[in-house]
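Worksheet for the structure shown next.
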């Protein structure tokens, strides 16, 4: 029998309403296999925690605190936007990781993130071969953008989709009430840098009788056609709702909302497509507007999380540990859909080599021919993912969310300077 | 015994998550007193419906549909931003109202709105004396701004306060997770044109360990002091949250977010204080930011409504009918707080003459001396109002909200041109 090893778990990239549910799945499952997995150390602020030897001892957290992670949004251990360079470009960081893993007897690496993070996890998974340190690296999928390949969906997406559908429905009822003498067009900006999955969820309200126009990043923005569509809907219904993705852009690639700043991964930092679109409508058609930018509210909205999403986030955390115990390395547990109605799925497995840095866009047959809505195929895809409510417990009017003790593991190594 | 009369009910001004709960209270209570009140006619799009003789026959709605109004946001009959001029300035409109009331045998006028609407309701209440048409006009308070006088709070406010507290808490957990390598300041813009009640609810998250700065409309914006406060909090905690009221303004009265457009009441239309504040922080302190503008999402968020608020909205609708049945005119039922802990209140009554056009601002002792937070007195005031959850029923992943048939009453009069 293999020697018992400790595990490292870290959260990476933008957090979600359910990434802590995956953490809960990882930690509870590891705790249930104490014969094979020693302690779970969490990276404080993601992979930074490993490089800085800033490890959190999760064994100091009570079973109740870990259980509460299931209903706590955001990253309980801190996340990071930090992408490891290639082994050739930055061998120093990999050597440091191995030093830290060795010092703390870490044999399992669970990395909870999106596409960029899958790349980091994949690089770590190659350390055994490249640098002779035995490690099993398993990626736990997470991204509100729903843009990881192979898996049918990504934890975090179902909840933000539910948030967007519910919020767009509610705000549409509002503008419908006001339209006779006041606001006629409501614009909601949602996340989704390159993929329109989140924006697509806004189109679900069409089945509730709401006239809605969706602006996807997959469809080049055509101002004249957009304004004509809004004009038609307002003439027909007296009002309309526009759901615009932050990634919506002109044919030349320029975002409607470009602000000129970039994040640590080099991506343009977006925001502000909604006011651009709203003012465009006002200028061309004269309609009074309101606009909202949901930003973090959408991805942190644990209070309205999808029960399906919470369940899958937990299951994938659990599956990651089970895959490690079965001896796997360089893989990611996935959701494999078996049927839409009734919704059935099973947990599968994908090689990280095929996941890292691959973005999954909306299939063209999920977007209507006019480019402003979603097809029945898309609805069949989306509907199961927003099903069910998984309410947190409340105290004093707000949800009870976990703030962990996050006690540090004693350092054994000299300091390391992050570059 | 007085002759049985029909009732007119209308929704006015910006709608809320619970204004339909008041409608439910009015209609159910009227239906329980069929000996005294005939039919309830609702104005399609508020007072416009009365002027245009566009009345909705609520008796055509099932008991189930009316009950569902209790958990449906926005204005089920349509609202309007339309303020009657004085009797001297526009006698024509009042004569028309009387024509319509007489044609449909209307003796009760229930008007569900805020300060401007209370003014309209008051003017209608004076028609008996001024123009000899017997009518009892009762105002049902409603405003997310919580700025009506005399009543301890206004239906609609508790739910938006709960939304803001929950959303600010969730987004703060998000920025706390990201702060090490990414976003350090999150800015949430909330409603409140002149009164900072909604912004104040954002400060409740301080008791959950979140460093938060609130920018009230009651406090003149001082950029240097604000930036110093943010700087201190980020140095202490690594991150901070800013909750900015749309009404936040410079000492010269200029709004941070002024867009130059005005609504039908002549108020400046605001929006966009959050990006202004966020870019200010970025420029001065260099911190990466995210910002959200909640706009309609906050006031339509029935999915996270306060149970206290829903209950009071219903009770005040019910009380309005009861006051009418007792013979009152020109009054508004109110919430009279009896104690904070345990929270106890009773339904009171205020004369409309003292309500119309009076705005209630935050008392100075509710705002901390530095102007960026709330005092314990304010917390004691706010806490009961956000207590309890009152979840709607869900189907297919989204709430089941009522869309009424809204069948028109046959017209008996010639058309009337709105000016």
Burial ordering of B:254, A:70, fewest other beta-carbon atoms within 10 Å first: B:254, A:70
Taking only the Cα atoms of the stretch A:266-326, how large is their convex hull per residue, in Å³? 151 Å³
Helix axis angle, B:273-285 relative to chain B longest principal axis, alpha carbon, degrees: 10 degrees
Which FRET efficiency value, to the nearest 0.05, is calculated for residue A:129 and residue B:344 with the Förster distance at 60 angstrom and r the Cβ-Cβ distance? 0.30
Distances in nm between the label point of residue B:224 (7 Å along Cα→Cβ) and its equivalents in the other copies, shortest first, are 5.3
Starting from the eigenvalues of the Cα gyration tensor, five times each then square-rooted, give me the equivalent ellipsoid semi-axes of the protein assembly as shown, largest first, whole Å. 51, 27, 24
Among B:336-345, B:129-138, what's the highest-first ranking by average C-beta atoms within 10 angstrom per residue? B:129-138, B:336-345
Within 10 Å of each Cβ of B:73-82, how many other protein chain Cβ atoms are there on average? 5
Dimensionless Rg over Rh [chain A; C-alpha; Kirkwood]: 1.01
What list do you get for B:227, A:323 if you sort them by fewest beta carbons within 10 Å? B:227, A:323
Just rank B:170, A:206, fewest to most, by other beta-carbon atoms within 10 angstrom. A:206, B:170
Rounded to one decimal in Å, the inverse mean reciprocal Cα-Cα distance for the stretch A:1-128, i.e. its Kirkwood radius, is 14.7 Å
Angle, helix A:157-178 long axis vs. longest principal axis of chain A, Cα atoms, 0 to 90°, nearest 10? 20 degrees
What distance in nm separates the simple spin-label points at residue B:87 and residue B:103, each placed 7 Å from Cα in the Cβ direction? 2.3 nm
Restricting everything to alpha-carbon atoms, can you work out Rg to Rh for the stretch A:373-419 with a Kirkwood hydrodynamic radius? 1.33
Rounded, prolate or oblate, given the Cα gyration tensor of the stretch B:78-231, with a/c below 1.5 counting as rounded? prolate
State the residue of chain A whose Cβ is nearest the axis carrying A onto B, and the distance in whole angstrom. A:293, 2
Considering the convex hull of the alpha carbon atoms of the stretch A:157-299, report its projected area averaged over all viewing directions, in nm², one decimal. 8.2 nm²
What angle, in degrees between 0 and 90 and rounded to the nearest 10, separates the Cα long axis of helix B:115-125 from the longest principal axis of the Cα atoms of chain B? 10 degrees
What's the extension gain from residue B:359 to residue B:64 if we count 0.36 nm per residue and subtract their Cα-Cα distance? 102.5 nm
Label geometry 7 Å along the beta-carbon vector: residue B:368 inter-copy distances in nm: 5.0
Can you compute the FRET efficiency between residue B:412 and residue A:3 using 1/(1 + (r/R0)^6), with r the Cβ-Cβ distance and R0 = 56 Å? Round to the nearest 0.05. 0.05
Could you give the nm distance between label points at residue B:391 and residue B:254, where each point is 7 Å from its Cα heading toward the beta carbon? 4.8 nm
Which distances in nm, rounded to one decimal and ordered from shortest, link the label point of residue A:400 to the equivalent label points in the other identical copies, with labels set 7 Å from Cα toward Cβ? 3.0
List the equivalent ellipsoid semi-axes of the stretch A:272-419 in whole Å, largest first, each obtained as the square root of 5λ for an eigenvalue λ of the Cα gyration tensor. 36, 26, 21
Can you give the mean number of other chain Cβ atoms that lie within 10 Å of the Cβ atoms in peptide B:182-191? 3
Count, for each residue of A:387-399, the Cβ atoms from other chains sitting within 10 Å of its Cβ, then give me the mean as a whole number. 6
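Bear in mind these aren't lab numbers, they're just calculated from the coordinates by the rules spelled out. Because the structure is predicted, anything quoted here is derived from the model rather than measured. Cβ sites come from the backbone with ideal geometry, for glycine too, and all protein chains shown count toward neighbours.
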